[in-house]
1. With n ≥ 4 as the cut-off for DSSP H runs, can you work out [θ] at 222 nm for the chain, using -39500 (n - 2.57) per run divided by the number of residues, rounded to the nearest 500?
2. Are there GluC sites (Glu not before Pro) in segment 479-538 that DSSP marks as loop and that have at most 14 other Cβ atoms within 10 Å, and which are they?
3. If you average the sequence gap of Cα pairs under 8 Å that are 6 or more apart and divide by the length of segment 354-440, what percent do you get for the contact order?
4. What's the extension gain from residue 276 to residue 579 if we count 0.36 nm per residue and subtract their Cα-Cα distance?
5. Compare the Cα positions of 288, 106, 264 along the charge dipole of the chain (+1 at Cβ of Lys, Arg; -1 at Cβ of Asp, Glu; about the Cα centre) and return the one farthest towards the positive end.
6. Which entries in the list 99/190; 127/295; 120/337; 120/297; 115/345 go over 18 Å, if you measure between the two C-alpha atoms of each?
7. Short version: what are the Cα gyration tensor semi-axes of segment 266-351, square root of 5 times each eigenvalue, largest first, in whole Å?
8. Would you work out if segment 164-305 is rounded, prolate or oblate? Take a ≥ b ≥ c from the square roots of the eigenvalues of the alpha-carbon gyration tensor; rounded if a/c is under 1.5, else prolate when a/b is larger than b/c, oblate otherwise.
Amino acid sequence: MTARIVRHLPAVWVLLLIVPTLWAGENQKPAAKEGESPSSKQAGAEPWLRPDPAALKRWQDMRFGMFIHWGPVSLTGHEIGWSRGAQTPVDQYDNLYKKFNPTKFSADEWVAVAKAAGMKYMVLTTKHHDGFCLWDTKQTEYNIMNSPFGRDVTKELAEACQRGGMAFGTYHSVCDWHHPDFPLTSPGGKVRREKSDIAAYRRYLRAQVTELITNYGPFHSMWFDVPQEFDRTEGSENVRLCRTLQPDILVNNRAGGGVGDYGTPEQRVGGFDIERPWETCMTICRQWSWKPDDKMKTLPECLQTLIRTAGGDGNLLFNVGPMPTGEIEPRQVERLKEMGAWLAKYGESIYGTRGGPFKPAKHVVCTRKGNTVYLHIFAWPEEVLALPALPAKIVKSSLLTGGEATVKQTEAGIEINVAKSDRQEIDTIVALELDKPAIGIAPIAVSSLGQSLAEGKKATASNVYQKNMHYAGAMAVDGDEQTRWATDASTGPCFLEVDLGKPETFDRAMIDECVEFGVRVKAFELQFKDGEEWKTFYSGKGIGEQLEVKFEPVTARFVRLNITDGQGGPTIFEFQLFAPALRKTVP
């Protein structure tokens, strides 16, 4: 069957024409007052951009959800959407649905797997960039009902989630590289069509969104993606439509122009942020859709990703790519069940929590709920874990993972000792009960070496990857272990220069190189500026992950990490300097 697009649906357009008038009354509100933030002014002018507070809290409290990328592309083992016109010729890709017959698909089984993993919500790719629809849409025949399978996957999964008490949401690509009216097409949405009609495509997109929310909702969220050709104005209209159809629905920040209720860092844990909600989307393997023998994350990687996400005050939307049979790969199911077993024991430290007050560090992450602070300890840099002072009294402590913890609190800070026999390989959890609510405590930075003198200071670099400021030198001194200073692939020797603002004395440094694709720093120097001359005070042959170096105290304002032998574009997550400090001990 040749897929065709249905371009006219009068009943839907009546609704879409009515949508703008539904907010007319609220649009008559007075202008924002002096002192209001840009976001509050924006929401005042466009009230539909304000999320329902109760819905937002419910979503944040759930913390852990299942993302599902699936479709006929699973027959090839290549990536959904992106392989169209790349690994798989367009004509071949677009006809995969004629062979798609996942007879072992069971919506109830998918929900059971998600529940066994401790997940509280689910998001299904109802339509990816390839344009194929996993529901009985009336807008195009390029959908699951015209495959040999012929069943409405979205309907079955929505109903199974309702039966299983799991929140359900949909992923819906704003771009559509299959649709003849969308201006861009495959491969990768980089080819512009000779003829297109973006106005007609907008109507198509919004008719489909209307179908989904009206016929398959309520949803906890509408998860838009890749809003090519859709600017902020169009993004706002997408959000307005969703809110009109379901006032308490949440919308992510990919509707167009960055509008939306929460951020969506992809394939990385987001940075600590208690002001703007966010959700990391990440794959359990490497590819979003199913790939045979794809490398799967270890249990420590999976759990520590979840814990770090919660500690940064975000949610984790963890992706599985079901097989062409309709089943979730057994080894992925087992890994998810392992995560669920851990959450069954220690979920109180994840669900319903907020990140902080201690900001995430390499060795420790913190969550909080009520009067309790949960310390998730991944590593012990010293025999005693030292934390900065906490502006609250610790009235009780316990070791959730079993055993005893010795906790000493002074005006200078907190010291925690746990016997080696009671330390857990993945996560040792210490619960601290305070004499007041933990949520009101301002965020506190943590380092295994103390407070960095370089964090947040001005930094410049000799080379920045594609001159993109997201990889600027400042990224290596921002205290965020997920950002980095990166250089172009052809870069060898290079340097990072930090201005401490005033002369500071330091005797230790921590350098964390990104080594995902190999160690690229073969030799380096640490230098300080003396007048117009740069003097070397430390030399090393390589960096690697989290290198800590000690040297005789140096007093200087300007410091340089000088990479004298680099290959293939050195990349540095963090470069931090620390003042001399006496080692603390606990009896």
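1. On the way: 10 runs with 117 residues, N = 587.
It comes out at -6000 deg cm²/dmol, rounded to the nearest 500.
2. Numbers: sites: 481, 497, 504, 513, 516, 525, 532, 533; in loops: 481, 516, 532.
For GluC sites (Glu not before Pro) across segment 479-538 that sit outside H, G, I, E and B with at most 14 neighbouring Cβ atoms in 10 Å, the list reads 516, 532.
3. Details: 185 pairs, mean separation 31.6, N = 87.
This gives 36 percent for segment 354-440.
4. Additional length available on full extension: 105.8 nm.
5. Of the options given, the answer is 106.
6. From the list (99/190; 127/295; 120/337; 120/297; 115/345), the Cα-Cα distance tops 18 Å for 99/190; 127/295; 120/297.
7. Numbers: eigenvalues 114, 49, 19 Å².
Calculated on Cα positions only, the semi-axes equal 24, 16, 10 Å.
8. Taking the square roots of the gyration eigenvalues as a ≥ b ≥ c, segment 164-305 is oblate.
Bear in mind that the values in this text are calculations on the coordinates, not laboratory data. This is a predicted model, so every value here is computed, not measured. Here Cβ is always computed from backbone atoms with ideal geometry, including for glycine, and neighbour counts include all displayed protein chains.
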